[in-house]
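The values are calculated or read from the model by the stated rules, or taken from the named source; none is laboratory data. Everything numeric here is computed off the predicted structure, so don't read it as measured data. Counting neighbours? That spans all protein chains shown, and the Cβs are built from the backbone with ideal geometry, glycine included.
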Amino acid sequence: MTTIYILWLRQIKRYFRSPSRIIGSLGQPLLFMFALGFGLGPIFQRAGGGNYLNFLAPGVMAQGILFTSIFSGIELIMDRQFGFLKEILVAPVSRLQIMFGRTLGGATIAVFQGIVVFFLALLLGFRPINWLMLPVAVVIMFLIAILFTALGTAIASPMQDMHGFQLVMNFLVMPLYFLSGSLFPLQSAPKFLQTISRVNPFSYGVDGLREVLVGITNFGLATDIIVLGILASLALILGSYLFSRLQA
């Protein structure tokens, strides 16, 4: 447990030691909410969809968590290149503990990112329908973060090149986001998009956040939490297996 705590704390300290990283990571979510929320809001409202910013904000919060979580895999490659990972791996602790510590650290940072985006959304006019459901929203954020942090570790473990990781992420992260219903209502989308969204794990995170914050759902809160929990467990197992085979 000490190893997990130390690695968790190291991940968090690394994040907060870089103010430019914090500010930079908020730029895209803020742009999405400001440009799309206000730009497409009147059109969305005339189409009978209501307040588009309220619809959009949960998806943008989930986006911030997704990007922060999965790109934590880059830090694994950096640690390998600079020799820090070798120092950790030769320590008399299990690789499972190392992987869990890194995953919890990355997930904590991602949840923090989602909470910051939530407060930015409040400044722009977003209002949740039930403030008492905020703890449930944090639980869903944590499940999203664990799932994609573990997935990022699984992808990064067999890789040596940081640029290769970024290439893989561009072919994975953006489709996950744009095909999740974050930006448009799934119930009015074509059938093939609805089908894709059902096999997209990120869709259940977006749907869960949107239900607890604004009362709109496609799958149901219980389904969202169960699917996220199962997928997060599978991602942890896969990430642990690939990390255990990692050569520093």
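Things to note:
- Verdict on residue 208 being within 30 Å of residue 51 (Cβ to Cβ) and touching a residue at least 12 places away in the same chain (Cβ under 8 Å): yes
- Test result for residue 197, hydroxyl-bearing (Ser, Thr, Tyr) and under 22 Å from residue 153 (Cα atoms): no
- Meets criteria (of a type outside the set (D, E, K, R) and farther than 17 Å from residue 61 by Cα) for residue 173: no
- Verdict on residue 33 being modelled with pLDDT of 75 or more, within 14 Å of residue 148 (Cα to Cα) and in a helix (DSSP H, G or I): no
- Test: residue 146 is in a helix (DSSP H, G or I), modelled with pLDDT of 95 or more and within 13 Å of the chain's Cα centre (by Cα): no
- Near pairs, Cβ below 6 angstrom, 6+ apart or cross-chain, from the stretch 118-143 (on the phi > 0 side of the Ramachandran plot) to any residue that is in a loop (DSSP other than H, G, I, E, B) and surrounded by fewer than 19 Cβ atoms within 10 Å (Cβ to Cβ): none
- Answer from 153, 217 - the residue that is in contact with a helix residue (DSSP H, G or I) (Cβ under 7 Å, 6 or more places away or on another chain), of a type in the set (S, T, N, Q) and within 30 Å of residue 79 (Cβ to Cβ): 153
- Just one of (1) over 22 Å from residue 204 (Cα atoms); (2) of a type in the set (A, V, I, L, M, F, W, C); (3) surrounded by 16 or more Cβ atoms within 10 Å (Cβ to Cβ) fails for residue 43. It is (3).
- Top-ranked residue of the stretch 62-79 - restricted to ones that are in a helix (DSSP H, G or I) and modelled with pLDDT under 85, ranked as nearest to residue 171 (Cα to Cα): 70
- Test result for residue 100, in a helix (DSSP H, G or I), modelled with pLDDT of 80 or more and over 30 Å from residue 215 (Cβ atoms): yes
- Elements of the type helices (runs of 4 or more DSSP H) sitting completely within the stretch 166-248 and holding at least 3 residues that are small (Gly, Ala, Ser), at pLDDT 90 or above and surrounded by fewer than 20 Cβ atoms within 10 Å (Cβ to Cβ): these cover 221-244.
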